[in-house]
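Visitor: Take this structure, written in structure tokens, and hold onto it; I'll ask about it next.
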Ligand code: ZN
């Protein structure tokens, strides 16, 4: 079996030929099959070559989610990490990203399988059904063979109570059944839990009631999904409480995992919402010192319970990367995605200025729509008018936060835009360009994700 040099098809000969879909051809007296890189053929590859199946992140200290929204980036990621002690989660998409890119979980996994097979990468990779919210969504990712389930509990976190007055908290708390209330109070109220030598987690009365009111529904949701679908399944369970209005306090982090672990939920990783701002595709915003202080407590809680801290929206957070590596003792999970799309845009800006200009104008015109899905704080007035910018300067838009955010969050609209006759406005041209300039794109990814790894201390 060989893989053609262009990366666009699989050539099979010999007895396994019948297992693949494709067209038979002959050359001299040999028969072979020319096979497209379909989902069906990727499933066959997975049956024949176990290294192409997604695997658990457990047992690997540094694991990195490298979401590939175009299905073209994974070979670059593999080339970067193959000699490093970094375990990649190559397939990683949320339902939101699937909807915005018009892809399926089958497509996303198949792209990773083909990349792994093509690069001959046998050291293992993961596949993360990211930010799943419902039983149906979790079942879908499991059915497709994903090795990691990230459960997003945000819709069950009662943010409406996060800063409610104390009497509203008390009234809501009083609705709990008496025996449940007693059990929680005897476990947490005015108790302190040692985390390591110097650190303890303490629960005073006012904080305790608020925390129960805000987080108990999320604990119950996570428990129900885990017991119903994940117990006994060989998948990594990540608990995500990060897409919420307020930072996760160390107390809330401790309480949520303590409740779940007590009930035999096997947690591989937890994503709290850290203090400061983790906006998409740009550096951390906030007080780095304050971040480090609080991050250390979260890291110690994770260490105590034996799971990994997971850092979401990890693209381009260069100013906090050193702390992420150092304070976790180099045991963590970090998720990136948008930055891999932005590297594609960077190559387009450098080598296809006409296409970039169209895409740039479209992104600005459709920004309001994109902001329904993503929280960003760009100021459009800071973005130089594209008509005043020379072709050579176009890549500079990828160096500035305001334009990065606009180009980042509009990816779905760009990829799905169609003209009045229904033909894609950009999609086909973007794919054609990136296939023709594949080595530039893969090099850009190696360099940019390489910068992430250096800052993390993972290279
Ligand atoms: Zn997240």
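A short reminder: the numbers here are calculations on the coordinates, not readings from a lab. What you see is a predicted model; the values in this text were computed from it and never measured. FYI the Cβ positions are ideal-geometry reconstructions off the backbone, even for glycines, and counts take in every protein chain you see.
Visitor: Just to verify a number: FRET efficiency for residue 245 and residue 266, C-beta to C-beta distance, R0 = 30 Å, to 0.05?
Guide: Working: r = 29 Å, r/R0 = 0.96.
So, using R0 = 30 Å, E works out to roughly 0.55.
Visitor: Follow-up question, since we're still on this one. Taking a cut-off of 35 Å, what percent of all Cα-Cα pairs in the chain are separated by more than that? Show your work: numbers first, answer last.
Guide: On the way: 36488 of 105111 pairs.
The proportion of pairs with Cα distances above 35 Å equals 35 percent.
Visitor: Taking 7 Å along the Cα-to-C-beta vector as the label spot, tell me the residue 179-residue 388 distance in nanometres, rounded to one decimal.
Guide: Placing both labels 7 Å along Cα→Cβ, they lie 7.1 nm apart.
Visitor: How much mean residue ellipticity at 222 nm does the chain get from its helices, if each DSSP H run of length 4 or more adds -39500 (n - 2.57) and you divide by all residues, to the nearest 500 deg cm²/dmol?
Guide: Details: 18 runs with 202 residues, N = 459.
Rounded to the nearest 500, the figure is -13500 deg cm²/dmol.
Visitor: To the nearest 10 degrees, how steep is helix 427-436 against the longest Cα principal axis of the chain, on a 0 to 90 scale?
Guide: 70
Visitor: Only counting other Cβ atoms within 10 Å, I'd like 154, 315, 454 sorted with the fewest neighbours first. Write down the numbers at each step before the final one.
Guide: Values: 154 16, 315 26, 454 13.
Starting with the residue having the fewest Cβ neighbours, the order is 454, 154, 315.
Visitor: Restricting to the range 153-336, what percent of DSSP beta bridges are antiparallel, rounded to 5? Don't skip to the end; give the middle numbers.
Guide: Values: 4 of 12 bridges.
Within the range 153-336, antiparallel bridges account for around 35 percent of the total.
Visitor: Sorted by packing (mean other beta-carbon atoms within 10 Å per residue), highest first, where do 222-232, 393-403, 66-76 land?
Guide: Those peptides, ordered most packed to least, come out 66-76, 393-403, 222-232.
Visitor: Write down the percent of antiparallel bridges among all DSSP beta bridges whose residues are both part of the chain, to the nearest 5.
Guide: Antiparallel: roughly 35 percent of the beta bridges in the chain.
Visitor: Taking the Cα centre of each part, how many Å lie between the range 352-370 and the range 228-263?
Guide: About 38 Å separates the Cα centre of the range 352-370 from the one of the range 228-263.
Visitor: Expressed in nm to one decimal, what extension gain is obtained for the pair residue 416 and residue 21 from 0.36 nm per residue of sequence separation less their Cα-Cα distance? Provide the component values of the computation, followed by the final result.
Guide: Working: separation 395, 0.36 × 395 = 142.20 nm, distance 2.83 nm.
Stretched fully, the residue 416-residue 21 segment lengthens by 139.4 nm.
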